[in-house]
There are 2 protein chains.
Amino acid sequence: MPTNSQPFSAESYFATQPPPQALDNDVASAKEFVARHASAGRRVVLVTSGGTTVPLELNVVRFLDNFSAGTRGATSAEYFLKAGYAVIFMHRQFSLQPFSRHYSHSTNPFLDFLEIHNGNDLPQITIAHDKRRDLLPVLTAYKAVQAAGVLLTLTFVTVNDYLWLLRAVSHELSTLGKNAMYYLAAAVSDFFLPTQKMSEHKIQSGKGNLSIEMDQVPKILKPMVDEWTKDGYIVSFKLETDPSLLIPKSRTALERYGHQVVIGNDLHRRKYEVVFVSRKHKPNSHTAETVVPEFEESWLRIPSSPSTEDGNVKEIEEDIVNELVRRHDKWIQTGKSSL
Amino acid sequence: MPTNSQPFSAESYFATQPPPQALDNDVASAKEFVARHASAGRRVVLVTSGGTTVPLELNVVRFLDNFSAGTRGATSAEYFLKAGYAVIFMHRQFSLQPFSRHYSHSTNPFLDFLEIHNGNDLPQITIAHDKRRDLLPVLTAYKAVQAAGVLLTLTFVTVNDYLWLLRAVSHELSTLGKNAMYYLAAAVSDFFLPTQKMSEHKIQSGKGNLSIEMDQVPKILKPMVDEWTKDGYIVSFKLETDPSLLIPKSRTALERYGHQVVIGNDLHRRKYEVVFVSRKHKPNSHTAETVVPEFEESWLRIPSSPSTEDGNVKEIEEDIVNELVRRHDKWIQTGKSSL
């Protein structure tokens, strides 16, 4: 196991950290899903969503977490489905999901919609009239997606679950080549605690302050581009709270990993403004180091005051997905080497 | 601000850490709620539920969290309502809530229940026949609680929100004297990061390992018993992963804080088995130090295989709440000094 002076590589990570129990089942589902849509000639996007945890104890009571309700991923998944993609929605347990996201228990509790009609042995329950107009399009889309079998939902909790699942699902998706997109919207921890360093039981309080020392999570975008996927279109996200870091850090990521797009977003403006950062001249990724990279940024903005269009609030994910579908089209037509 | 060698007292905590923005509004709601039920002669229980977070950054991206879906609190709140109590449900944002807890988005998604009946201008939506029998009692109880105004829901996220809110709501509830119960089921962090030590922006990765050093959260049960509440019946919880620590640690808590009951539970058996730990001889809490304390334990168990009664799965919270209502009755009749 690497020491403090020797950070984990992706290779040493997977060699020393245990796979999650559900992995084999999840991979089997992904394999079946990908094969089905491959034979239908349908494009498939992997959407990752929600935060990952870093357990501090083997019997987990305490964990480090990343702020993310899963709004970006759940909303984008809906628009990818609308655009005709099949979606593997790989999300943090209990984070928002496509369709049901409109009815959070806290802000829009569905029990408030329901009316009981007494009189029968088993009373009928209906949706209140004033709620029906909003619910109908969501429910109709949900039922169509279920019937068509175009949404596969997979679940992770820890950053370890996430890493193993991402590698395995990417491997399955890679059989689609350029028809696969990878939309990495999950908020993944940069740090983790190796199993070998965890305490078995709940850390006891009352013995002074708590000190935690964590290792860096290996940068998996590099092996993802070079080994796990094959000509797939890879989109990563960069979330910052200091706006001045957004573009430099997005460029560094592109340079370092050689994937297609980084979508930069500021924590406080992420619902109204994002920036697409990509390479201007598209050198072959294997010789990228010898070329002075040039980047282009394109901003995407919607009004920050909620405006409505046909009675629905405009969501920036609609524009993000449309732009990515356009770029993915081009990517598929042009071929990797010349793009 | 205390240094490492000088832990925070409750007093120094509230003198140095900022109150949450929503505090005044929440206190006003609690005041109105308590006054209304006081004049109706109704008992009120404060149920705290869910885990607390410890933000590592002022612009929060990363935080420490405690494992808790909020099942214990949300389930218990339903049984307290059934027993005729008014309930202040003070819970972690997005953790489970009474009634809606039966319909988690992940395991029992309500969109799956709904049927669209086309034909009209605005189609009717109804609950599918096979789901109606389960939903009816939940929905009926929910509507009755809403109509009677016996449930007040308050929300916290961080351990700081929790501490300020607990103190303020306890103060409001204390006007009910012995008619108030405090059921502290939230999983509260033992450690926190003082505002003064937080970094403003997202901690940057790529600069080696992460080291976090946290201060101990002050033990607030002591001022709660001595200052914030007045003759109220206080129930705390002790969750452990090492079963051998359960009873010793529960006893220590009772000795140290002088409240009424500790409910001990083991992480892996908490749905089937809990232990009530209380003092056998009931010395006046102010002279407790001079008396050799004697404790009594009473175990409460239900079968670990899901059994059904009238088609419903038995929940241990039903028995916990019934036992506490019995003890609270006795407490009210006997008076604090002689109990």
Inset, instruction - Could you work out the relative contact order of chain A, using alpha carbon pairs under 8 angstrom and six or more residues apart, expressed as a whole percent? - result: 19 percent
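Rounded to the nearest 0.05, what FRET efficiency is calculated for A:A83 and A:R133 with R0 set to 25 Å and r the Cβ-Cβ distance? All intermediate terms of the calculation are to be shown ahead of the outcome.
On the way: r = 24 Å, r/R0 = 0.98.
With R0 = 25 Å, the Cβ-Cβ based efficiency is 0.55.
Once R0 is set to 56 Å, what does the formula 1/(1 + (r/R0)^6) return for the Cβ-Cβ distance between B:K280 and A:M198, expressed as a FRET efficiency to the nearest 0.05?
Using R0 = 56 Å, I get an efficiency of 0.90.
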Inset, instruction - Run down the aspartates and glutamates and flag those whose C-alpha is under 12 Å from the C-alpha of A:K197, throwing out any fewer than 8 positions away in its chain. - result: A:E57, A:E213, A:D215
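Which order results if A:E172, B:E32 are arranged by neighbouring Cβ count within 10 Å, fewest first?
B:E32, A:E172
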Legend entry - Set of region A:44-77 residues, backbone N closer than 19 Å to the point 7 Å along the Cα-Cβ line of A:E227: none
Inset, instruction - May I ask you to work out the translational diffusion coefficient for region A:128-256 at 10 °C, viscosity 1.306 mPa s, via Stokes-Einstein with Rh from the Kirkwood sum over Cα pairs, reported in whole µm²/s? - result: 84 µm²/s
Inset, instruction - Please grab the % of Cα pairs in region B:3-89 that end up more than 17 Å from each other. - result: 68 percent
Inset, instruction - Give the percent of DSSP beta bridges with both residues in region A:87-164 that are antiparallel, rounded to the nearest 5. - result: 35 percent
Legend entry - Proximal aspartates and glutamates relative to A:K230, as straight alpha-carbon distance under 17 Å, when same-chain residues fewer than 8 apart are discounted: A:E172, A:D329
Inset, instruction - Determine the principal axes of the Cα atoms in chain B, then give the extent along each, sorted from largest to smallest and rounded to whole angstroms. - result: 73, 60, 42
Legend entry - FRET efficiency, 1/(1 + (r/R0)^6) with R0 35 Å, evaluated for B:N322 and B:S244 via beta carbons: 0.75
Legend entry - Amide H within-cut-off set for B:T158, under 5 Å, with H built and near neighbours excluded: B:T53
Inset, instruction - Please compute the net charge surrounding B:T158, taking Lys and Arg as +1 and Asp and Glu as -1 over other residues with Cβ under 13 Å from its Cβ. - result: -2
Legend entry - Proxy reagent accessibility, fewest Cβ within 10 Å first, across B:S76, A:S211: A:S211, B:S76
Legend entry - Surface/4 estimate of mean projected area, convex hull on alpha-carbon atoms of region A:109-185, nm²: 8.9 nm²
Inset, instruction - List the residues of region B:224-257 whose backbone N lies under 20 Å from a point placed 7 Å from the Cα of B:D329 along the Cα-to-Cβ direction. - result: B:232-235
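Report the equivalent ellipsoid semi-axes for the protein assembly as shown in whole Å, largest first, defined as the square roots of five times the eigenvalues of the gyration tensor built from alpha carbon atoms. Please report the intermediate quantities before stating the final value.
Details: eigenvalues 423, 207, 100 Å².
Semi-axes from the Cα gyration tensor: 46, 32, 22 Å.
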Inset, instruction - Given a cut-off of 24 Å, name the pairs among B:K178/B:K280; B:K178/B:K222; B:K82/B:K314; A:K131/B:K314; A:K249/A:K330 whose C-alpha atoms lie farther apart than that in the structure shown. - result: A:K131/B:K314; A:K249/A:K330
Legend entry - Sorted largest first, extent of region B:37-182 alpha carbons per principal axis (Å): 55, 45, 27
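Values in this text are rule-based calculations from the coordinates and carry no lab data. Note that the structure is predicted; figures quoted are calculated from it, not measured. Quick reminder, even Gly has a Cβ in these numbers, built from the backbone with ideal geometry, and neighbours come from all protein chains shown.
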